[in-house]
Every structure is written in structure tokens, then in C-alpha cells.
1. Pick out, from segment B:1-72, the helices (runs of 4 or more DSSP H) lying fully within it that include 3 or more residues that are within 7 Å of chain A (Cβ to nearest Cβ), within 21 Å of B:His124 (Cβ to Cβ) and within 14 Å of DNA strand C (Cβ to nearest atom).
2. So is B:Ala73 touching a Leu at 6+ places or on another chain (Cβ under 6 Å) and not acidic (Asp, Glu) or not?
3. I'd like to know if segment A:25-35 contains one or more residues that are closer than 24 Å to B:Ala115 by Cβ and either out of contact with any helix residue (DSSP H, G or I) (no Cβ under 8 Å at 6 or more places or on another chain) or of a type outside the set (D, E, K, R) (or both).
4. Going through segment A:91-135 one residue at a time, which ones are away from chain B (no Cβ under 12 Å), in contact with a Leu (Cβ under 8 Å, 6 or more places away or on another chain) and either surrounded by fewer than 22 Cβ atoms within 10 Å (Cβ to Cβ) or closer than 13 Å to B:Val110 by Cβ (or both)?
5. Can you pull out every residue in segment A:10-24 that is surrounded by fewer than 19 Cβ atoms within 10 Å (Cβ to Cβ) and not hydroxyl-bearing (Ser, Thr, Tyr)?
6. Give me a count of the residues in segment A:27-52 that are hydrophobic (A, V, I, L, M, F, W, C) and more than 19 Å from A:Pro77 (Cα to Cα).
7. Scan (1) away from DNA strand C (no atom under 16 Å from the Cβ); (2) buried (at least 16 other Cβ atoms within 10 Å of the Cβ); (3) part of a helix (DSSP H, G or I) for the single condition A:Leu138 breaks and write down its number.
Protein chains: 2
Amino acid sequence: MTDSHSDDQSPADRFARAREAQAVALLEDYVEMIGDLIEEFGEARVADIAERMGVAQPTATKAIGRLKREGLATSRPYRGVFLTDKGADLADRVRGRHRTVVEFLVAVGVPHSVAELDAEGIEHHVSDETLAVFERFLRGRG
Amino acid sequence: MTDSHSDDQSPADRFARAREAQAVALLEDYVEMIGDLIEEFGEARVADIAERMGVAQPTATKAIGRLKREGLATSRPYRGVFLTDKGADLADRVRGRHRTVVEFLVAVGVPHSVAELDAEGIEHHVSDETLAVFERFLRGRG
DNA sequence: CAATTAAAATAGCCATGGCTATGCATTTCA
DNA sequence: TGAAATGCATAGCCATGGCTATTTTAATTG
């Protein structure tokens with residue numbers, strides 16, 4: 001057999017994959033942020049989510065609607081937004097990935113504030129395989 | 001003065017930046033691809049662009065319309081799509097960045113085919129500053 | 001407990017980026 | 001050179017992800 005990583009993809013396949021990653025990126029960001037807010041304040045209100053995401057309140061409401069459709073969150077008006085088990089799992093994974101990407105960038109010499117900025121976009125396109133490489137790199141230098 | 005990289009950004013700012021990066025990502029991909037096709041075949045036809053991008057032909061036509069609006073490309077029906085100077089410059093920068101990201105990922109241990117996949121999304125979110133770090137890293141182990 | 005305030009939802013707009021189906025124009029070639 | 005085939009454009013649909021303006025509903029408080 002050939003090397004398991006040598007299976008080349010057409011450009012079209014690669015673009016399709018990047019489009020797909022982009023489609024889930026926003027939901028991941030919301031889920032992570034809701035997790036953060038709950039951790040910090042014990043609750044995640046729509047207005048706070050909107051403010052942190054840098055969008056208008058109805059935009060956040062719409063996004064939360066999508067989260068609910070995807071089974072990632074629930075909400076009760078005037079009581080905040082909550083993550084389902086599935087949503088909480090996703091939030092954990094996203095947060096871990098975010099942290100790894102930032103730490104990795106810092107480890108190779110990117111200033112921390114720049115690493116935070118870049119990671120916001122990068123993290124959604126890093127495969128599990130690449131993430132594992134980043135982690136190995138970080139462990140390898142203690 | 002304080003360190004030039006310590007100016008912290010709010011989450012909202014970071015997300016806004018990532019959204020902006022995403023907005024230009026698609027145009028960058030098209031411009032790069034058109035440059036590739038012209039280099040390979042001497043011309044970039046709408047149908048070929050669509051096929052390589054993995055989208056339907058009218059989707060490519062629409063995107064090319066945006067490129068024209070942005071002053072990045074011109075086209076003559078049945079004669080193909082051409083890059084303006086501005087478009088060619090952008091294509092060069094995008095191609096260079098793509099190459100650097102792939103090479104960097106490979107250098108830290110990511111299998112090449114995975115690096116290609118991940119780079120497709122990552123490249124649009126790598127700042128000039130981070131790119132410079134990647135290049136330094138590559139030179140440092142030349 | 002009613003009035004006010006604040007929070008969220010709704011309505012309705014826009015651009016982007018997909019799609020299919022269809023129409024038109026150009027090239028090609030019999 | 002005219003018919004067929006090809007290439008591209010157009011029309012029109014859908015979902016997403018923004019926005020503002022407005023309405024509804026809940027919480028707070030005089």
C-alpha cells in the first residue's frame with residue numbers, strides 16, 4: 001500500500017473542505033463564547049453574546065436559533081442561553097484547539113497579541129492531525 | 001511606550017478581523033487560481049475556473065463579476081479571464097503565502113497532503129507578522 | 001400593582017455564495 | 001456557410017450572516 005497521506009486531493013476537494021470548515025466556524029465561535037460567559041458569569045445573555053461577538057443583538061439571536069436547530073444550545077428568554085451536552089463538548093474541543101494554536105504560534109515566535117488575532121481565524125482550519133503535530137511540538141520543548 | 005504588540009484587542013475586534021479575512025478569502029482563491037491557469041494553459045476559461053474551484057459555472061461567473069468590480073480581473077467572453085496588474089500582484093502574494101504556510105507546516109512535521117488541505121483555509125488568516133515568523137523558521141533550518 | 005425600563009424576539013432589508021434551468025452567442029466543422 | 005455543439009450569461013431560487021427599526025414580553029420599581 002501507499003503512504004496513507006499521499007492520497008492527493010483535487011483543488012476542488014480542498015476548496016470544498018475549506019468551505020465546509022468555514023460553515024461550522026461561526027457556530028464553533030458562538031458555542032465557545034457561550035461556554036466562556038457561563039463560566040465567567042454563571043449565565044450567557046443574548047445581549048452579552050452579541051457584544052462579545054461584535055454583532056448586533058438580532059444577529060446573535062439568529063445565530064442562537066441555528067445553535068438550537070443543531071442541538072448545541074437551548075435558551076429561555078430572560079434566563080439566558082445554555083449549552084447542551086453536545087454543545088458543551090464542542091465548546092471544550094474548540095477551546096482546547098484555540099489554546100493549542102495560540103501556544104504553538106507563541107512557541108515559534110509570534111507575539112502573543114498577534115497569535116490571538118491570527119488564531120481566531122486559523123483554528124477552524126486546523127485538522128486533528130495538524131493539531132497533534134502542534135501538541136507534539138509544544139511537548140517537545142517543555 | 002509599551003510594547004507594540006501588547007495592545008490587546010477585544011474579542012469583538014478579533015472576530016471582526018476574522019470576518020473581514022473571510023470576506024476576502026474567496027476573492028484571493030479565485031485570483032490565485034486564475035493566475036495558475038494562465039500560467040499552465042495560457043488562459044483561464046470560466047468553465048476551467050469553475051471546475052478547479054469545485055463550483056458550478058454560474059457561481060464562477062458571479063465571482064468573476066466581483067473580481068471585475070474590485071478591479072482585480074477583466075474578461076472577454078469566449079476569450080477567458082485576465083488579471084489586472086493589481087490582480088496579478090495579489091495572486092503573487094497569495095501564492096507566496098500559500099507556499100510558505102505549506103512549507104512551514106511540513107517543516108514542523110505535518111504530512112504534505114494534510115498540509116495542503118489545512119493551508120487552504122489557514123493561509124487567509126495568517127498575518128504578515130506571523131508569515132514572517134514562518135519564513136524565519138524555515139530559513140533557520142534551511 | 002401599575003408603570004417604566006430593559007431584554008429579547010420579530011419583521012424586513014442587503015450582499016454573498018451556493019444551486020438549477022434556461023437562453024443566447026460564438027465557434028467549429030460537415 | 002449554415003447546423004450543431006460548446007461556452008458563457010441570465011434568471012431566479014435558497015441559506016447564511018450582517019444590519020435597523022419595531023414590537024412584544026418580562027423584570028423592576030415607585
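1. Details: elements: B:11-41, B:46-53, B:57-69.
Filter on segment B:1-72 gives B:11-41.
2. Yes, satisfied.
3. Going residue by residue through segment A:25-35, those that are closer than 24 Å to B:Ala115 by Cβ are A:25, A:28.
Next cut, either out of contact with any helix residue (DSSP H, G or I) (no Cβ under 8 Å at 6 or more places or on another chain) or of a type outside the set (D, E, K, R) (or both) only: A:25.
Yes: segment A:25-35 contains one or more residues that are closer than 24 Å to B:Ala115 by Cβ and either out of contact with any helix residue (DSSP H, G or I) (no Cβ under 8 Å at 6 or more places or on another chain) or of a type outside the set (D, E, K, R) (or both).
4. So in segment A:91-135, the residues away from chain B (no Cβ under 12 Å) come out as A:91-97, A:99-100, A:103.
Those still in the list that are in contact with a Leu (Cβ under 8 Å, 6 or more places away or on another chain) too: A:91, A:97, A:100, A:103.
Matches in segment A:91-135: A:Arg97, A:Thr100, A:Glu103.
5. Initial filter on segment A:10-24 (surrounded by fewer than 19 Cβ atoms within 10 Å (Cβ to Cβ)): A:10-13, A:16-17, A:19-20, A:22-24.
Selection gives A:Pro11, A:Ala12, A:Asp13, A:Ala16, A:Arg17, A:Arg19, A:Glu20, A:Gln22, A:Ala23, A:Val24.
6. Restricting attention to segment A:27-52, the residues satisfying the condition of being hydrophobic (A, V, I, L, M, F, W, C) are A:27, A:31, A:33-34, A:37-38, A:41, A:44, A:46-47, A:49-50.
Right, trim to more than 19 Å from A:Pro77 (Cα to Cα) and you get A:27.
So the answer is 1.
7. With respect to (1) away from DNA strand C (no atom under 16 Å from the Cβ); (2) buried (at least 16 other Cβ atoms within 10 Å of the Cβ); (3) part of a helix (DSSP H, G or I), A:Leu138 is out only on (2).
Here's the yes/no breakdown for (1) touching a residue at least 12 places away in the same chain (Cβ under 8 Å); (2) of a type outside the set (Val, Ile, Thr); (3) more than 8 Å from DNA strand D (Cβ to nearest atom):
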{"residue": "A:Glu51", "(1), (2), (3)": "no, yes, yes"}
{"residue": "A:Gly65", "(1), (2), (3)": "no, yes, yes"}
{"residue": "A:Val81", "(1), (2), (3)": "yes, no, yes"}
{"residue": "A:Lys86", "(1), (2), (3)": "yes, yes, yes"}
{"residue": "A:Val101", "(1), (2), (3)": "yes, no, yes"}
{"residue": "A:Leu105", "(1), (2), (3)": "yes, yes, yes"}
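Since every read-out is calculated from the coordinates, none of them should be taken as a lab result. All values derive from a computational prediction rather than experimental measurement. For neighbour counting, all protein chains shown are included, and Cβ atoms are generated from backbone atoms with ideal geometry for every residue, glycine included.
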